[in-house]
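One structure is given below, encoded as structure tokens.
The values are calculated or read from the model by the stated rules, or taken from the named source; none is laboratory data. Being a predicted model, the structure only gives us computed values, none of them experimental. Every residue, glycine as well, gets a Cβ built from its backbone with ideal geometry; the counts of neighbours run over all protein chains shown.
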2 protein chains.
Amino acid sequence: MTRNELFENILRKRSFLCVGLDTDINKIPSFLHKTDDPVFEFNKGIIDATNEYAIAYKPNIAFYESMGAQGWIALKKTVDYLRNNYPGLFLIADAKRGDIGNTSKLYARAFFENMDFDAVTVAPYMGEDSVSPFLEYPGKWVILLALTSNRGADDFQHHPDDENSLYKLVLGKSQSWSDNENMMYVVGATRAEMLSDIRKIVPRHFLLIPGVGAQGGSLDDVVAHGMNSTCGLLVNSSRGIIFADKTMNYAEVAALKAGELQQQMENHLIARGML
Amino acid sequence: MTRNELFENILRKRSFLCVGLDTDINKIPSFLHKTDDPVFEFNKGIIDATNEYAIAYKPNIAFYESMGAQGWIALKKTVDYLRNNYPGLFLIADAKRGDIGNTSKLYARAFFENMDFDAVTVAPYMGEDSVSPFLEYPGKWVILLALTSNRGADDFQHHPDDENSLYKLVLGKSQSWSDNENMMYVVGATRAEMLSDIRKIVPRHFLLIPGVGAQGGSLDDVVAHGMNSTCGLLVNSSRGIIFADKTMNYAEVAALKAGELQQQMENHLIARGML
């Protein structure tokens with residue numbers, strides 16, 4: 001998917017919502033455990049109910065990997081279901097991978113060939129040759145970790161000081177590896193005020209914002225500090241949507257929650273003159 | 001496995017060799033493609049031929065993940081085969097994972113519960129809460145990336161300068177998360193001269209050294225700069241052993257290559273008075 005197609009999808013759906021499919025087998029409604037593939041059945045229910053409000057879906061791979069081969073089957077079925085039933089969605093493998101060049105190639109093969117994801121989240125610690133194999137696929141994207149939303153972000157991402165912090169170096173240096181047509185950045189929403197600083201370094205790139213909802217970030221703050229003239233934001237919500245209800249009605253309640261976020265997003269897009 | 005048990009295994013086998021099971025389906029001998037599970041059959045051959053020379057095995061997860069569910073089945077069969085046939089080996093999942101706390105827990109479940117690995121390699125970018133879930137398993141280890149062996153290591157790991165470099169901060173700060181009984185560090189062998197500096201920060205920890213052999217590191221240099229009084233080294237070789245020969249004789253040639261390294265390692269252990 002090109003950057004322009006992504007923006008067109010945002011305008012068409014009046015939303016920049018990404019739904020995080022962090023499907024923990026231990027948290028899904030119990031009636032689903034009677035089915036052959038509870039994780040896939042859960043995802044199917046969420047996708048059918050929320051797709052009109054979302055432009056992207058982001059399974060976090062850990063939840064599938066924790067189930068071994070069975071989890072990988074559920075993941076692949078989920079990606080295929082999204083592709084076959086709802087064209088035009090942006091599919092993100094939240095994998096946070098990264099290894100030496102010849103090994104990152106294999107991870108790229110896993111997510112871009114074996115499965116039809118549009119993007120993979122990548123950890124920057126090992127530098128350019130750990131990232132570049134993902135950039136060799138036309139129309140596919142790297143979403144590089146810059147500033148994450150967890151407490152541990154303080155340990156290394158701000159080293160050695162605010163002015164010269166590692167996350168700013170990641171944002172700056174990685175722009176020589178690619179451009180805003182196939183690279184985005186993860187920026188945690190719990191630090192929305194830092195988005196203004198980040199926009200000085202990457203004014204035109206899309207940013208993937210996790211942490212709105214259960215992790216405590218505010219959509220209004222994110223928009224105020226992070227939106228650009230082509231939206232430039234994919235805002236993710238996982239638990240706040242998919243586990244808002246744990247009964248037979250889980251999909252219906254997920255739709256309500258996704259719809260509320262979509263409405264807020266639509267208002268922001270109107271206020272900024274994009275709609 | 002405790003640190004002491006690991007050292008005892010090193011003395012018993014007169015070796016600190018780790019064999020990297022980076023089993024690329026496209027590089028294994030063609031006759032194996034006639035079997036039901038070529039990757040597992042290849043690994044079985046390598047393991048049977050090399051286990052007397054090795055104290056550890058390290059599958060890089062990317063090679064298995066690139067094959068989807070089938071790869072995860074081959075990986076689990078490989079781990080089970082190692083466990084059931086050759087007790088006392090140290091099994092490393094070279095996964096380079098790391099995510100927010102509640103997600104890293106799921107990765108820990110994948111490698112320590114779903115499969116019986118002793119250790120997982122973890123990327124430090126997201127800080128303490130991305131690492132600590134792996135430390136909650138008694139007898140299991142985190143092997144944290146510090147200084148990697150690839151070209152991209154220069155991009156961020158040395159930021160902002162040699163004295164205050166990120167990799168030194170990783171080594172220093174992570175010591176408050178755990179001790180040398182369940183944490184090790186990855187230190188690339190292509191930078192053996194830096195091992196002396198690293199030993200000043202982590203004198204007693206085990207170090208996992210990739211990059212000897214195909215990636216160009218020298219065993220003599222690694223030992224000269226990195227060995228401590230309880231060995232303190234796991235030296236990995238992957239391609240130099242497993243793909244040394246690509247015919248029917250691949251396992252036999254792998255045994256020869258592993259045996260050569262074991263002999264050099266034995267000489268070093270004798271020279272240092274450990275044997």
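Looking across A:164, A:150, one residue alone is within 7 Å of chain B (Cβ to nearest Cβ), at pLDDT below 95 and assigned to a loop (DSSP other than H, G, I, E, B). It is A:150.
Table: residues versus (1) of a type in the set (A, V, I, L, M); (2) surrounded by fewer than 21 Cβ atoms within 10 Å (Cβ to Cβ); (3) modelled with pLDDT of 95 or more.
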| position | (1), (2), (3) |
| --- | --- |
| A:78 | no, no, yes |
| A:83 | no, yes, yes |
| A:93 | yes, no, yes |
| A:98 | no, no, yes |
| A:117 | no, no, yes |
| A:130 | no, no, yes |
| A:134 | no, no, yes |
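Here is a yes/no grid of residues against (1) among the aliphatic types (A, V, I, L, M); (2) modelled with pLDDT of 95 or more:
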position	(1), (2)
A:201	yes, yes
A:211	no, no
A:219	yes, no
A:228	no, yes
A:232	no, yes
A:235	yes, yes
A:240	no, no
A:245	no, yes
A:252	no, yes
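Within region A:119-137, can one find any residue that is small (Gly, Ala, Ser), more than 7 Å from chain B (Cβ to nearest Cβ) and in a loop (DSSP other than H, G, I, E, B)? No, region A:119-137 contains no residue that is small (Gly, Ala, Ser), more than 7 Å from chain B (Cβ to nearest Cβ) and in a loop (DSSP other than H, G, I, E, B).
Quick one: is residue A:63 assigned to a helix (DSSP H, G or I), among the hydrophobic types (A, V, I, L, M, F, W, C), within 25 Å of residue A:109 (Cα to Cα) and within 17 Å of the chain's Cα centre (by Cα)? Here the answer is yes, as residue A:63 does meet what is asked.
Here's a check for you: in region B:102-141, which residue that is in contact with a helix residue (DSSP H, G or I) (Cβ under 8 Å, 6 or more places away or on another chain) and of a type in the set (Lys, Arg) is nearest to residue A:60 (Cα to Cα)? For region B:102-141, the residue satisfying everything is B:105. Look at region A:151-163: where a residue is loosely packed, with under 15 Cβ neighbours inside 10 Å and a partner is modelled with pLDDT of 95 or more, sitting 6+ places away or on another chain with Cβ atoms under 8 Å, you get A:154/B:127.
Would you be able to say whether some residue in region B:172-179 is closer than 30 Å to residue B:101 by Cα and buried (at least 22 other Cβ atoms within 10 Å of the Cβ)? Checked region B:172-179: at least one residue is closer than 30 Å to residue B:101 by Cα and buried (at least 22 other Cβ atoms within 10 Å of the Cβ). Inspect all residues belonging to region A:170-177 and state whether any of them is in a loop (DSSP other than H, G, I, E, B) and in contact with an Asp or Glu (Cβ under 6 Å, 6 or more places away or on another chain). Within region A:170-177, one or more residues are in a loop (DSSP other than H, G, I, E, B) and in contact with an Asp or Glu (Cβ under 6 Å, 6 or more places away or on another chain).
Kindly indicate the residue of region B:24-67 that is surrounded by fewer than 19 Cβ atoms within 10 Å (Cβ to Cβ) and among the β-branched types (Val, Ile, Thr) and also farthest from the other protein chains (Cβ to nearest Cβ) among those meeting that condition. Only one residue fits best here, namely B:35. Of the listed requirements (1) within 10 Å of chain A (Cβ to nearest Cβ); (2) aromatic (Phe, Trp, Tyr); (3) in contact with a Leu (Cβ under 8 Å, 6 or more places away or on another chain), residue B:111 misses just one: (3).
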